[in-house]
Structures are given as structure tokens and as C-alpha cells.
Amino acid sequence: SGDPRVQTAIIIIHGTTRNHSSNFETMILAAQQRDPSLSKTIVIAPKFQIVEDNPTANEPFWTNSGWKKGHLSVTDSKPRPRVSSYSAIEKIIDLLSTRSGFPELREIIVTGHSAGGQVAHRFAAGRKPEETSEHINTRYVVANPSTYLYLGPERFIDGYFSSPIRSECPEYDYWHYGLKNLNTYMRSTSLDQIRENLVARNVTILIGDQDVDSYQLDVSCGANLQGDNRFSRGQNLIRYMDSLFPANNHTQKIVSGVAHSGKGMYTSPEGISVLFPS
């Protein structure tokens, strides 16, 4: 099945609370600002199940930290397929990319707020080559995540980028903060290709200038090396990419007056302009 009218597809990844329904409703509100009838836009809000969701015997599920990091689904005594949460997103993109189902599709946007933003940024780095759908442009909109993926050991320390003292935070650049100790999904791509992916792909870092408190903030040492709060971490990530990977395709968009709110971010004028620039 499909729809020959659809030109834009938005895949919105939920946050830690796995609030896929409210994310779906928020993105519908945002999409209606530019496409009131929603005839040209499809919104998909997947839910990554955990054991508390009582998945059926043939449904994959993850730990509540595993789906964020692209880990494989959980095993137990029953036969289940093991699949990375990132592979599941790839499958959605593959279904959208079929010319028979959506012949007029021109753009796919992978986005998420908070933990969903973490997924969007890492997925942009790890996703397999996009040449299979050359007629479709893919963009990644990363909204207020707790942390980002760094492509090397440097962090923003005392006004410039240098490598931290590893003994003070030994795992600060392990996956999913960095490229050491990668999981199964990420190991299927070379380090050089991961770096090339994240540099080349169209990524917008959408950050609220009031997202400066500690609500559900990752405060591990590896996370704290990225900045004091979500707003500063987003700015530091842009500084990092521009300083060490000047050919990168990351852009920053600051949402004025909004804190840690997916609805506030996506339905803001800035959020609308990023999702629907034309």
C-alpha cells in the first residue's frame, strides 16, 4: 500500500518515556501548518517496545537504554528475531522508498526530541548508504538530545578542543558518546565510513535556548564532557563539527524561549521552518 500524493515523509522517534502517540500528534500539528489537508505528508511514529509492553512471541523488544543506542533486541527463551532499533528505522525507510508505493516521495525526515534526538544523530552516522533511493533526499532533525555522537577524542575544554585526561573518565568516547567499543549495528560499517556519513549527511541541530536544566539529563562523566546542559551541548557539537570537520553538513537552529518540550520545539516558527523550509 502507499499513496501517490505523498511528497514528504517524517519519521519521528520517541523519547525515553516512549510517548510515540503524543509525538505523532505533535508532528501532525506541525505538518498541518504547511499542508493543512495532510495529503502530501505522511507521519510515522514507531514505538520501540520493552518487556513491560508485553510483546507477543514474534515481536522484538529492547531494553530501555538499548533502543536508544541501536542495540540488538533482547533475547529470552522464546524464538525471537534479534534486530537493531536502527535497522528497524532502515526498514521503514526502505518501505517508503519503493516507487510503486510512494512514487512522488521526494524527502524523508528522520527526527526525534530528547532521546529520540539521540537516535536521529547516531542513526545519521550509522545508516547504510543512501544511494538505494537516489530520488529521495533524506534529512535528520535532532532536537534537544541529552548527548551527541563525537567522531574523535576531542572535547570542548577551556575554550578549545583537546583530548580529556582518559584516567578521569575512561569511557567518555565509547559508544554511544564516541566510536570506541561499538555495538553490532555500528561495527558493520567502517570507522572511516561512519565519519564520512556524519560529515556528509544533512543534519539540523534544533536546540531550545531555555533547555538548560537537568530534567532527565545524562550527567555521566562522558556526557558532562559534552557540556553543562542540552543547550550548551548542542552548541558545542556544532563548534566541534565546524572546527574538526569543516566540510560537514550540520546546521544549528536555536528555538527562542523553549525549554525541554517536543511540542514547543516542533510547532515553533523555527521548528516549522526546519521541517518544512519551502
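The values are calculated or read from the model by the stated rules, or taken from the named source; none is laboratory data. Predicted model only: the values in this text are computed from it and were never measured. Note: ideal-geometry Cβ built from the backbone for every residue, glycine included; neighbour counts use all protein chains shown. These area figures cover heavy atoms from the full protein model, side chains too; ligands, DNA and RNA do not enter into them. Shrake-Rupley method; radii C 1.70, N 1.55, O 1.52, S 1.80 Å.
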Open item on the list: within 30 Å of Glu107 (Cβ to Cβ), surrounded by fewer than 17 Cβ atoms within 10 Å (Cβ to Cβ) and aliphatic (A, V, I, L, M): is that true of Leu182 in this structure?
Closed with: no
- [ ] Tell me which residues, restricted to the range 233-268, are among the β-branched types (Val, Ile, Thr) and surrounded by 17 or more Cβ atoms within 10 Å (Cβ to Cβ).
- [x] Ile238, Val255, Val258, Thr267
Task: Residue list for the range 149-196, restricted to those being part of a strand (DSSP E or B) and over 20 Å from the mean Cα position of the chain (by Cα) - done: Arg155, Phe156, Ile157, Tyr160, Phe161, Ser162
Open item on the list: Can you tell me which residue is most open to solvent (accessible area, probe 1.4 Å) among those in the range 210-223 that are under 19 Å from Glu171 (Cβ atoms) and without any contact (Cβ under 8 Å) to a residue 24 or more places away in the chain?
Closed with: Val219
Task: Lone qualifier among Ser1, Ser39, Ser73 - being within 22 Å of Asp94 (Cα to Cα), out of contact with any Leu (no Cβ under 9 Å at 6 or more places or on another chain), surrounded by 15 or more Cβ atoms within 10 Å (Cβ to Cβ) and small (Gly, Ala, Ser) - done: Ser73
Task: Filter result for the condition that a residue is surrounded by 15 or more Cβ atoms within 10 Å (Cβ to Cβ), among the hydroxyl-bearing types (Ser, Thr, Tyr) and under 23 Å from Lys253 (Cα atoms), over Thr189, Thr204 - done: Thr204
Task: Meets criteria (under 22 Å from Val110 (Cβ atoms) and surrounded by 15 or more Cβ atoms within 10 Å (Cβ to Cβ)) for Leu198 - done: yes
Open item on the list: Can you find a residue that is under 13 Å from the mean Cα position of the chain (by Cα) and open to solvent by less than 40 Å² (accessible area, probe 1.4 Å) anywhere in the range 97-104?
Closed with: no
TODO: Tell me which residues, restricted to the range 37-62, are outside any loop (DSSP other than H, G, I, E, B) and within 20 Å of Arg139 (Cα to Cα).
DONE: Thr41, Ile42, Val43, Ile44
TODO: Take the range 4-24 and flag every residue that is surrounded by fewer than 14 Cβ atoms within 10 Å (Cβ to Cβ) and either polar (S, T, N, Q) or at pLDDT 95 or above (or both).
DONE: Thr17, Ser21
Task: From the options Glu107, Glu52, residue that is free of Cβ contacts under 8 Å to residues at least 12 places away in the same chain and either open to solvent by less than 50 Å² (accessible area, probe 1.4 Å) or of a type outside the set (Val, Ile, Thr) (or both) - done: Glu52
Open item on the list: Here's a check for you: in the range 148-162, which residue that is out of contact with any Ser or Thr (no Cβ under 9 Å at 6 or more places or on another chain) and at pLDDT 95 or above is surrounded by the fewest Cβ atoms within 10 Å (Cβ to Cβ)?
Closed with: Ser162
TODO: Looking for whichever is over 28 Å from Ile272 (Cβ atoms), modelled with pLDDT of 95 or more, of a type outside the set (Phe, Trp, Tyr) and under 18 Å from the mean Cα position of the chain (by Cα) here; the options are Ser114, Ser84. Which one fits?
DONE: Ser84
- [ ] Looking only at the range 25-36, count how many residues are open to solvent by 50 Å² or more (accessible area, probe 1.4 Å) and not in a helix (DSSP H, G or I).
- [x] 3
TODO: Select from the range 27-54 the residues that are of a type in the set (Val, Ile, Thr) and on the phi > 0 side of the Ramachandran plot and list them in ascending order.
DONE: none
